[in-house]
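This report concerns only the one structure given below.
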Amino acid sequence: MWPYPRIVAHRGGGTLAPENTIAALRCGLAYGFRAVEFDVMLSRDGIGMVMHDEQFGRTVPGLGSVPTTDAADLARLDAGGWFGPEFRGEPVPTFTGFVEYCQAQRIWMNIEIKPAQGFEAATGRWVAEATRDKFTAALAAGDPAGLPLLSSFSMAALAAARDAVPALPRGCLFDTLPADWQGQAAALDAVAIHTNHQHLTPALAQAVKQTGLGLFCYTVNTPERARDILAWGVDGFCTDRIDLIGPAFA
Ligand code: G3P
Ligand code: MG
């Protein structure tokens, strides 16, 4: 049984707000969302920051990169102006601040470990330990519904997360499922497969579900496609179109 929300706002608020910001969470809440996917990368000084791209230029102005910039300097970058003038000055959130906001608003989290190149294990370990510190009560209670779900395209990051805090649930993220997806999930003691819905077929969905693993898709942006994959047995998905696909979509 999938203990997590079925419909999840991608990068905070999908395409309706600047991604991976507190403003995006506020936007999601305005649409009734209490479930979010977001990306975490380490700064130069080893602090988890909520950002998708390693390089500056798309969601924050200027030249530079997350792994070569200290957290305090990243936090001062404008992560909202690219999206619209009303979001100008929206900061790059710290992982800690972002999680605290989610907890205060009772927003469930799919935390994507997004390591900069060369920092796979360090990022996986840092995210697992920082998450553990924020979820001590839920970990003690052993209730999966009260825990976030960690996921990553980096199996090295997931292995480090598993070694650091084995009790935090993990999902293996694949664009296209590799031939040995089941072996990789088993090696990481994962609870779920996360995959690009565009490469999923009914037969593959059935094969995943038959193993007892959860199946989560990204990024599903039309109600028609959402209905199709849910009929295939997909347990949950994230969406950019929180205006078209509501949290109670079925
Ligand atoms: O976690 C699912 C999805 O977010 C993966 O792709 O590039 O949006 O992080 P991306
Ligand atoms: Mg992501």
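Once phi is turned into ³J(HN,Hα) by the Karplus curve 6.51 cos²θ - 1.76 cosθ + 1.60 with θ = phi - 60°, what whole-Hz value does each residue of the stretch 42-51 show in order, with x for glycine and proline?
Those phi angles translate into 8, 6, 4, 8, x, 10, x, 10, 8, 8 Hz.
Run the dipole for the stretch 183-250 about the Cα centre, Lys and Arg Cβ at +1, Asp and Glu Cβ at -1, nothing else charged, and hand back the magnitude in debye, nearest 20.
The dipole magnitude comes to about 100 debye.
At 7 Å along Cα-to-Cβ for each site, give me the label-to-label distance between residue 222 and residue 244 in nm.
The modelled label-to-label distance comes out at 0.7 nm.
Taking Cα pairs under 8 Å and at least six residues apart, what relative contact order does the stretch 45-175 come out at, in percent?
Value for the stretch 45-175: 20 percent.
Along the Cα→Cβ direction, 7 angstrom out, place labels at residue 44 and residue 26. What is the inter-label distance in nm?
Distance between the two pseudo-spin positions: 3.1 nm.
Residue farthest toward the positive end of the dipole of the chain, with Cβ of Lys/Arg at +1 and Asp/Glu at -1: which of 128, 74, 194?
Farthest towards the positive end: 194.
Hey, if we sort 56, 119 by accessible area with the 1.4 Å probe, largest down, what's the order?
Solvent-accessible surface, decreasing: 119, 56.
With an 8 Å cut-off on Cα pairs and a minimum separation of 6 or more residues, tell me the relative contact order of the stretch 198-250 in percent.
With pairs under 8 Å counted, the relative contact order is 37 percent.
Just by accessible area at a 1.4 angstrom probe, what is the order of 173, 16 from largest to smallest?
Ranked from most to least accessible, the order is 16, 173.
Keeping all protein chains in place and using 1.4 angstrom, which order do 109, 1 fall into by accessible surface area, from largest down?
Sorted by accessible area, descending: 1, 109.
How do the peptides 83-89, 20-26 rank, highest first, by the average count of neighbouring beta carbon atoms within 10 Å per residue?
In decreasing order of mean packing, 83-89, 20-26 become 20-26, 83-89.
If I stretch the segment between residue 176 and residue 55 completely, what's the gain in nm (0.36 nm per residue apart, minus their alpha carbon distance), one decimal?
Stretched out fully, the residue 176 to residue 55 stretch lengthens by 41.1 nm.
Grab the Cα-Cα distance for residue 86 and residue 211, subtract it from 0.36 nm times how many residues apart they are, and report the gain in nm with one decimal.
Going from the current span to full extension adds 40.3 nm.
May I ask you to give the percent of accessible area on the stretch 177-222 that is carbon plus sulfur, with a probe radius of 1.4 Å?
Roughly 53 percent, rounded to a whole number.
Placing unit charges on C-beta atoms (Lys and Arg positive, Asp and Glu negative, everything else neutral), compute the dipole magnitude of the chain about its Cα centre in debye, rounded to 20.
Computed charge dipole of the chain: roughly 460 debye.
Suppose R0 equals 30 Å; then what is the FRET efficiency for residue 153 and residue 100 from their Cβ-Cβ distance, rounded to the nearest 0.05?
0.70
Summing -39500 (n - 2.57) over the DSSP H runs of n ≥ 4 in the chain and dividing by its residue number, what mean residue ellipticity at 222 nm do you reach, to the nearest 500 deg cm²/dmol?
-9000 deg cm²/dmol
Quick one: compute the contact order of the stretch 28-106, relative version, from alpha carbon pairs under 8 angstrom and 6+ residues apart, as a percent.
Relative contact order comes out at 26 percent.
Grab the other residues whose beta carbon is less than 12 angstrom from that of residue 68, score K and R as +1, D and E as -1, and report the net.
-3
Which residues in the stretch 199-218 place their backbone N less than 14 Å from a point set 7 Å from the Cα of residue 231 along the Cα-to-Cβ direction?
Only 202-203 pass the distance filter.
The values are calculated or read from the model by the stated rules, or taken from the named source; none is laboratory data. For clarity, every value in this text was computed on a predicted model and none was experimentally measured. Cβ coordinates were reconstructed from backbone atoms using ideal geometry, including for glycine residues, and neighbour counts include every protein chain displayed. Please note that ligands, DNA and RNA were not included when accessible areas were found on the heavy atoms of the full protein model with its side chains. Shrake-Rupley method; radii C 1.70, N 1.55, O 1.52, S 1.80 Å.
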